[in-house]
Amino acid sequence: MARRVTIIGAVLLFVFVVAVLLPFIAKARRQANVAASQNNLRELSLFAARPTSPQRAPAKGFTEVPAGTVVVPGVPPEERLSWVVTMLPVLDQRNVDSARLLAALDTTKPWSFEPNQAAGRVPIPMLLCPENAPEVPPGAAAVTSYVGIGGLGANAATLPLDAPRAGAMRYDAPTPFERITDGTSQTLLFGETRNEVGPWLRGGPSTVRGLDDAPGALPLVGTGGQFGGYFSGTANFAMCDGSVRTFTSAVEPKVLFGLSTIAGKDTDPMMID
């Protein structure tokens, strides 16, 4: 009888300990994943400004945000290779054999070119949020959890540099830091999204998006919104200076709209009365 009581007591103690510890374990895991996703964004924003070619020589320092696509004349943005390709040379080699990936790509061809498709099936850990990561069927193109911010409006990435709604990352050309008159610490560069995630290799909305302010557009932040969806009620964004900010679903849309453009406060479309 005493032995039976002891066993029951041990079982109850085990259940109690598990019930107490599980929430703490879950919270710690979530916090670790938040930190990991923020670090991914931070590294991407720093890599985006790092020189990757003779035209962007180290002596010039960090001077521009790269174009959102690898421009091929006559090929629309959504059929081009994405900004990820231009950053492959400086990605952490411990996480992905970026040199091998780059060698397998033909940057003069669309993303749908079969050799490019084969390379695009390789997942890149830095492009995936570790929390609630999107599921990708076997043999499908690997996706990205992070997209460049093209400005204000669904088609903002197509705008010229001097357009009031233009953002830091545009499809057709780099954005010089000197043209970010709002300040690099006040301009969005990358954001988390679980909404219609697309291949990391593909240009267009798959990897660069504007903040959609059209009537009936999805909420900006949160599950089912334009950004976020990995962590309840929040979304992480990297700024052009490499810092990372977290916004909740309660954020005023005009705040994110203002941060999405490179325009100074005098020309910012959200600051004009």
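The values are calculated or read from the model by the stated rules, or taken from the named source; none is laboratory data. Only a predicted model underlies this, so the values are computations on that prediction, with no experimental measurement involved. When we count neighbours, we look across all protein chains shown, and the Cβ atoms used for this are built from the backbone with ideal geometry, even at glycine. Remember, those area values only see protein heavy atoms, side chains included, never the ligands or the DNA or RNA. Shrake-Rupley method; radii C 1.70, N 1.55, O 1.52, S 1.80 Å.
Normalise the Cα radius of gyration of region 108-199 by 2.2 N^0.38 Å (N = residues in it) and let me know the number. Display every interim value, and only then the final one.
Numbers: Rg = 15.5 Å, N = 92, 2.2 N^0.38 = 12.3 Å.
Compactness ratio reported: 1.27.
Using unit Cβ charges (K, R positive; D, E negative) and no other charged atoms, how large, in debye to the nearest 20, is the dipole of region 125-273 about its Cα centre? Write out the running numbers ahead of the final one.
Working: 9 positive and 15 negative charges, 45 e Å.
Rounded to the nearest 20 debye, it is 220 debye.
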Within region 70-129, trypsin sites (Lys or Arg not before Pro) in DSSP loop having at most 12 other beta-carbon neighbours inside 10 Å: ARG94
Portion, in percent, of the accessible area of region 87-226 that falls on carbon or sulfur, probe 1.4 Å: 54
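When the Cα atoms of region 95-137 are enclosed in a convex hull and the volume is divided per residue, what value in Å³ results?
Spread over its residues, the Cα hull of region 95-137 gives 82 Å³ apiece.
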Label-to-label distance, nm, for residues given as VAL90 and ARG121 (7 Å Cα→Cβ offset): 3.1
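Counting alpha carbon pairs within less than 8 Å and at least 6 residues apart, what relative contact order, in whole percent, applies to region 84-190?
Working: 110 pairs, mean separation 16.4, N = 107.
Reported relative contact order: 15 percent.
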Per residue, in Å², the accessible surface of region 77-229 once ligands and nucleic acids are set aside, probe 1.4 Å: 41
Region 172-257, relative contact order [Cα under 8 Å, separation at least 6], %: 29
Among PRO174, MET126, LEU91 the positive-end extreme of the charge dipole of region 73-228 (Cβ point charges): LEU91
Total charge dipole magnitude, region 56-169, about the Cα centre, Cβ charges on Lys, Arg, Asp, Glu only, Debye to nearest 20: 260
Inter-centroid distance (Cα atoms) of region 173-198 relative to region 111-129, Å: 22
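Report the relative contact order of region 112-175, percent, no decimals, based on alpha-carbon pairs under 8 angstrom and at least 6 residues apart. Each step should come with its number before you reach the end.
Values: 67 pairs, mean separation 14.4, N = 64.
Relative contact order for region 112-175 comes out at 23 percent.
Looking at region 166-247, what % of the alpha carbon pairs are farther apart than 15 Å?
On the way: 2046 of 3321 pairs.
Every Cα pair in region 166-247 considered, those over 15 Å come to 62 percent.
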